[in-house]
Amino acid sequence: MERSLTHPLTWAMRPDREPLTLKEYEGKGGYAAARKALTKMTPQEIQKTVTESNLRGRGGAGFNTGQKWSFVPMGPTADAAPRPKYLVANADEMEPGTFKDRMLIEGNPHQLIEGMLISSYAIQADYAYVFLRGEYTTAERRLARAIAEAYAAGYLGGNIFGSGFRLEMRLHSSAGRYICGEETALLNALEGKRPTPRAKPPFPQVSGLWGKPTVVNNTETLFNIPPIISNGAGWYRGLSLCADGGTKIFGVSGRVKRPGLWELPMGTPLGEIIEEHAGGMREGYTFHSVIPGGASTEFLLERHFDVRMDYDSVMKAGSRLGTGTMIVFDQTTCPVGAVLNLQRFFARESCGWCTPCREGLPWVVNMLQAIENGEGLREDMETLERHVHFLSMGKTYCALAPGAMEPLHSAMTFFKEDFLRHIHEKRCPWK
């Protein structure tokens, strides 16, 4: 089978990692899906196809993409569907251990543009924004060039493909805060405001950017749209090893032989990704544990190697698929020190909007630092457990603090003896 039908996200990328030019992308069938969508399909037909494909958002939440679009008001009048409408690509990839979106944008920026064009037509958006992580300067340069090429070719602007549909696209380079990855904080930042999360409801699909209907989709999610439109929902579902549709960019970092990224069927087992694609552990190192979906997911152990990497299976195993980019830890890494390092990041990146996150995360950092230094007390474990409870989902304004508690909670479950050794021996046993 052609690689384009098995690896729809990466099949067209060049081995030298240079971005595809517009001519190269067109030569591989680029923008044919957009032409089909805008000239032969209605917005409702596109939404239905994407819904039936079982494409779930690749940013971590895993909500069905087509269903998310369906919440946008549609209709011919301003009363039925306020205008303008907006589509935003969330490319603010600041989750520690995650680097999949950077690879996609740098390798084939036109596929993102085409995905955004189709998605914008599906919700009848007038404007599309790419909200890009500020440190991604190479991606910014390549994407800006691709947007200019798309405008020159008539793929952006007015009367695209003679359909009467108009779309303006802008690239926004973020000032750089982790909280901007939360979709409503991203919208505030895009409006020039302090990037703090918004209360929901109303949800962005009804009242988002400047109070108008807005959809925020992850970069990898949008990369999936052109192949789904070209090949159909049934084909896309058939790529997967589970109920979730399609392929997924999985990544591994840590002391493995071949750290990197691979496009694999959704539902590929955890152990296969680490042992076969990443090559297993380097010589002299043994596997200890893994965070499977970026820093804000719970640890898994070697006994979880049979777990399929899809949203439901990883959830049943006690963690989350998240971004699908995993951090592997070896036997030389102190679990307390590793979690302390993660909590420092989350505490620093808190927007400070709600008290549990603003005050609780620094408190967690101080307690973990004391334990790591050999100055911890037995009652610190109970205090940490209370923080895990009071900073959980539903008790804070957004998911930043609950995400920070996930690796801490699982570390205290799986590696409790390591915490206690620090306290009883009054030192870090790994030093």
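Condition check ((1) closer than 29 Å to residue 126 by Cα; (2) not hydrophobic (A, V, I, L, M, F, W, C)) across all residues:
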| residue | (1), (2) |
| --- | --- |
| 209 | yes, no |
| 213 | yes, yes |
| 218 | yes, yes |
| 234 | no, yes |
| 242 | no, no |
| 245 | yes, yes |
| 264 | no, no |
| 269 | no, yes |
| 277 | no, yes |
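Checking each residue of the range 332-351 against the condition of being more than 28 Å from residue 271 (Cβ to Cβ) and part of a loop (DSSP other than H, G, I, E, B) gives at least one match.
At least 3 residues being closer than 23 Å to residue 143 by Cβ is the threshold, and among the helices (runs of 4 or more DSSP H) wholly inside the range 155-239 those reaching it are 183-190, 219-223, 225-231. The residue that is nearest to residue 102 (Cα to Cα), counting only those in the range 1-60 that are in contact with a His (Cβ under 7 Å, 6 or more places away or on another chain) and assigned to a loop (DSSP other than H, G, I, E, B), is 20.
In this structure, residue 134 does not qualify as surrounded by fewer than 24 Cβ atoms within 10 Å (Cβ to Cβ), out of contact with any Leu (no Cβ under 7 Å at 6 or more places or on another chain) and at pLDDT 95 or above.
Table: residues versus (1) of a type outside the set (A, V, I, L, M, F, W, C); (2) surrounded by fewer than 17 Cβ atoms within 10 Å (Cβ to Cβ); (3) more than 21 Å from residue 194 (Cα to Cα); (4) not assigned by TED's automatic domain parsing to the domain that holds residue 289.
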{"position": "344", "(1), (2), (3), (4)": "yes, yes, yes, yes"}
{"position": "348", "(1), (2), (3), (4)": "yes, yes, no, yes"}
{"position": "351", "(1), (2), (3), (4)": "no, no, no, yes"}
{"position": "359", "(1), (2), (3), (4)": "yes, yes, no, yes"}
{"position": "364", "(1), (2), (3), (4)": "no, no, yes, yes"}
{"position": "386", "(1), (2), (3), (4)": "yes, yes, yes, yes"}
{"position": "397", "(1), (2), (3), (4)": "yes, no, no, yes"}
{"position": "418", "(1), (2), (3), (4)": "yes, no, yes, yes"}
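Of all the numbered requirements in (1) modelled with pLDDT of 95 or more; (2) surrounded by fewer than 20 Cβ atoms within 10 Å (Cβ to Cβ), residue 216 misses one, and that requirement is (2). On the given criteria, is residue 42 in the same structural domain as residue 138 (by TED's automatic domain parsing) and surrounded by fewer than 15 Cβ atoms within 10 Å (Cβ to Cβ)? For residue 42, the condition - in the same structural domain as residue 138 (by TED's automatic domain parsing) and surrounded by fewer than 15 Cβ atoms within 10 Å (Cβ to Cβ) - is met. Within the range 292-308, the set of residues being assigned to a strand (DSSP E or B) and at pLDDT below 95 comprises just one member, 294.
The values are calculated or read from the model by the stated rules, or taken from the named source; none is laboratory data. On a predicted model such as this, the values are computed, not experimentally measured, just so you know. Neighbour counts run over all protein chains shown; Cβ positions are idealised from the backbone, glycine included.
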